[in-house]
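The values are calculated or read from the model by the stated rules, or taken from the named source; none is laboratory data. This structure is a prediction, so every number in the text was calculated from the model and none was measured. Backbone-built Cβ (ideal geometry, glycine too); neighbour counts: all protein chains shown.
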Amino acid sequence: MAWRSCAVLLRLSGEDVLRSSARGGRWPHNFQQRCGFRKAAKKPESKKVEEELVAPHTESSEATLHRRTPAPHVEQHQAPPRGPRAFSRLLRPLVFTVGFTGCSFGSAAIWQYESLKSRVQSYFDEIRADWLEKLRPQKQGDVRKEINQWWNSLSEGQRTVTGIIAANAVVFCCWRVPSLQRSMIKYFTSNPASKAQCSPMLLSTFSHFSFFHMAANMYVLWSFSSSAVSMLGREQFIAVYLSAGVVSSFFSYVCKTATGRFGPSLGASGAIMAVLAAVCTKMPEAKLAIIFLPMFTFTAANALKVIVAMDTAGVVMGWKFFDHAAHLGGALFGIWYIMFGHELIWKNREPFVKLWHDLRTGGGSGGGGADGGGGGGAV
């Protein structure tokens, strides 16, 4: 089956790296203008204040100067630490990465359990809805019905990633609101030198400043969603996607700290690289093609090798156009999960689900096995 999604296979629309112009943490002037930041013009000092400045330093003159011209509060930006102290700042992101990954897969296991329990009831509800639909008079031009028909025509994978695409679109619109710029830079760009280190590791996965960057990433996610969800299952796919976003951000943190090249990054490319790498690892003989050159096809295994090689070269040589470390971290996570992670994490979820079943039913007996039923997405 030929894939026509890979406008990104050779350049997976990497995470935009918004580089700061100095180690003091200041943003480039053109970025400040785009984000609505302006440097306040200096007010001319009065002649009287100038006379007081050159006057002898008596207690009264100093008190008068302090009372008339209070010193403005200037936020001091210290250069990021280096050496062992710099790597000690990665302890919190490491704990957050491990904890968030565990919570993601635990929540996915509970979500699958609840979905299996409600499947029988949903089956009878659908039969009843179909029966009522036949009795109900048909409406011409019913917009809601057309939307339902379109939604039902989508694959399970496409329906799964629709929410992810919508979240990215909302965050993209928030970047256009001037009053939100400071909050967006603080929480929706990941930077190991920032005070907010942990939450941006996840939030930056849904953040795009450029429309082309977002469109390319979402197109690839949409194209690979059907195969990825059919391979992993809806719940496991969401856990892998979110975990890959955090893992790729942590990989970027480590690389930036090791090289001393700090700067904020954003984009879903790290998580999407994990999805792409997982599909290519599981189906290495699948045929892929570049969207604008559909006549040239290549295997998924070869495409994955080229992508990993390019991102590795970008990390070693210090290329700054993309966040190659995040790309590489996402790809390695996707490969690792298909080869080892599924057996290590997902297939050992039954004790956790049984514990949840006992808590939910008050310790009653009954089937609570995690591996029974569909939706598990065995790899």
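Of note:
- Among the criteria (1) in contact with a Leu (Cβ under 7 Å, 6 or more places away or on another chain); (2) under 23 Å from ASP311 (Cα atoms), the one ALA215 does not fulfil is (1).
- Top-ranked residue in segment 298-332 [being without any contact (Cβ under 8 Å) to a residue 12 or more places away in the chain and outside any helix (DSSP H, G or I); ranked as farthest from GLY260 (Cα to Cα)]: PHE298
- The residue of segment 183-209 that is surrounded by the most Cβ atoms within 10 Å (Cβ to Cβ), among those that are over 15 Å from the mean Cα position of the chain (by Cα) and touching a residue at least 40 places away in the same chain (Cβ under 8 Å), is PRO192.
- Within segment 257-279, the presence of a residue that is without any contact (Cβ under 8 Å) to a residue 12 or more places away in the chain, more than 17 Å from PHE224 (Cβ to Cβ) and among the basic types (Lys, Arg) is excluded.
- Test: residue in segment 227-237 that is of a type in the set (S, T, N, Q), in contact with a Lys or Arg (Cβ under 9 Å, 6 or more places away or on another chain), in contact (Cβ under 8 Å) with a residue 60 or more places away in the chain and under 17 Å from ILE338 (Cβ atoms): yes
- LYS305 surrounded by fewer than 15 Cβ atoms within 10 Å (Cβ to Cβ) and in contact with a Phe, Trp or Tyr (Cβ under 8 Å, 6 or more places away or on another chain): no
- Looking across ALA289, ALA278, one residue alone is surrounded by 13 or more Cβ atoms within 10 Å (Cβ to Cβ), modelled with pLDDT of 90 or more and either within 26 Å of the chain's Cα centre (by Cα) or in a helix (DSSP H, G or I) (or both). It is ALA278.
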